[in-house]
Every structure is written in C-alpha cells, then in structure tokens.
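Participant: Sending over a structure as structure tokens; questions will come in a sec.
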Amino acid sequence: MKPILRNILAVLFGWLSGSIINMGLIKTGHLVFPIKDLDPNDMEALARVMPTLDFKYFIFPFLAHALGTLAGAILAGWIASSQKMKFSMGIGMLFLLGGIWANYMIKGPIWFTITDIALAYLPMAWIGGKIAQKLSK
C-alpha cells in the first residue's frame, strides 16, 4: 500500500476508533450513573446540571476521553507507514481540540476541566505512540 494512503487511513481509523470508544464509554457512564430527570442527549440541560454533579459523574467522561485518545493513538501509530509517534500525537491533538470545545460548550467544574485537558489527551496519545512503536517492531 502506498505510504500516503496508509497515513490517511491511519488518521481516519485512529479518529474513528477513538470516537467510538469515547461515545461508548459516555453512554455507559449514563447507564451506570444516571442523572435523575435528565435526558443525556439534551446538551443544554446537561450543561445546566454539570456544575452541581458529584465526582462520580465525571469518572466515565474522563475515562472516555483518555481511553478513546489512547486507542485512537495506538491504531493511528500502528497503521502509519512512518513517523508513528507523530501520527499518534496528531490524534491526541484532534481529541484535545474536541475536549477543549466540549469543556467550553458543557462547562463542568474547573477541577475536571484542568484534569481532563492536562491528562486525558496528549499524555494518552504519547503512551499510545509508544505502544504503537513497540507493536510495529
């Protein structure tokens, strides 16, 4: 397969797989810790209730962001024809931008925003890149 096509597929599959894992964990979180009288698909209602929620309601969103980024970075780095760490970190940047946007749209507690932005994206992408490099040897 041509390297450019392989690299394009690395980004697409990394982003898609990470997104699927992210949404699966978010939906699982709503099942494990349902928020009383809230439709989890109503973003305005979710944004209103976020500042009042306990710690437990933020476990699955953090896991979704971290594990989605990790999985996407591993897959992108593994598929990429070269510069595997750069592709993994690129996935981390995509998810970081999405995380910043999500934290802007659905304002949660500042402790969650800082933890999420600092730990869920670039560190997980770096770990994913290291794993991808080892898988490719």
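Every number in this text was worked out from the coordinates using simple rules, so none of it is lab data. Just so it is clear, the model here is predicted, and its values are computed rather than measured. Neighbour counts are summed over all protein chains in view; Cβ atoms, including those assigned to glycine, are modelled from backbone coordinates with ideal geometry.
Participant: Taking segment 5-35, which residues are out of contact with any Gly (no Cβ under 9 Å at 6 or more places or on another chain) and within 18 Å of MET89 (Cα to Cα)?
Facilitator: Residues satisfying the conditions are ARG6, ASN7, ILE8, LEU9, LEU12.
Participant: Check segment 93-105 and report whether any residue there is over 15 Å from ASN22 (Cβ atoms) and small (Gly, Ala, Ser).
Facilitator: no
Participant: For the condition over 22 Å from LEU9 (Cβ atoms), without any contact (Cβ under 8 Å) to a residue 12 or more places away in the chain and among the aliphatic types (A, V, I, L, M), what is the one hit in ALA66, ALA47, ALA118?
Facilitator: Testing whether each residue is over 22 Å from LEU9 (Cβ atoms), without any contact (Cβ under 8 Å) to a residue 12 or more places away in the chain and among the aliphatic types (A, V, I, L, M) leaves just ALA118.
Participant: Scan ILE8, ILE110, ILE100 and give me the residue that is surrounded by 14 or more Cβ atoms within 10 Å (Cβ to Cβ) and either more than 19 Å from ILE131 (Cα to Cα) or of a type in the set (A, V, I, L, M) (or both). Give the derivation first.
Facilitator: Details: ILE8 fails: surrounded by 14 or more Cβ atoms within 10 Å (Cβ to Cβ); ILE110 fails: surrounded by 14 or more Cβ atoms within 10 Å (Cβ to Cβ).
None of the other options fit; the residue is ILE100.
Participant: Tell me, which helices (runs of 4 or more DSSP H) lie completely within segment 17-119 with 1 or more residues that are closer than 30 Å to LEU5 by Cα and small (Gly, Ala, Ser)?
Facilitator: Filter on segment 17-119 gives 59-79, 84-105.
Participant: Taking LYS84, is it free of Cβ contacts under 8 Å to residues at least 60 places away in the same chain, among the basic types (Lys, Arg), within 19 Å of SER136 (Cβ to Cβ) and crowded, with 21+ Cβ neighbours inside 10 Å?
Facilitator: Spelling it out, LYS84 is indeed free of Cβ contacts under 8 Å to residues at least 60 places away in the same chain, among the basic types (Lys, Arg), within 19 Å of SER136 (Cβ to Cβ) and crowded, with 21+ Cβ neighbours inside 10 Å.
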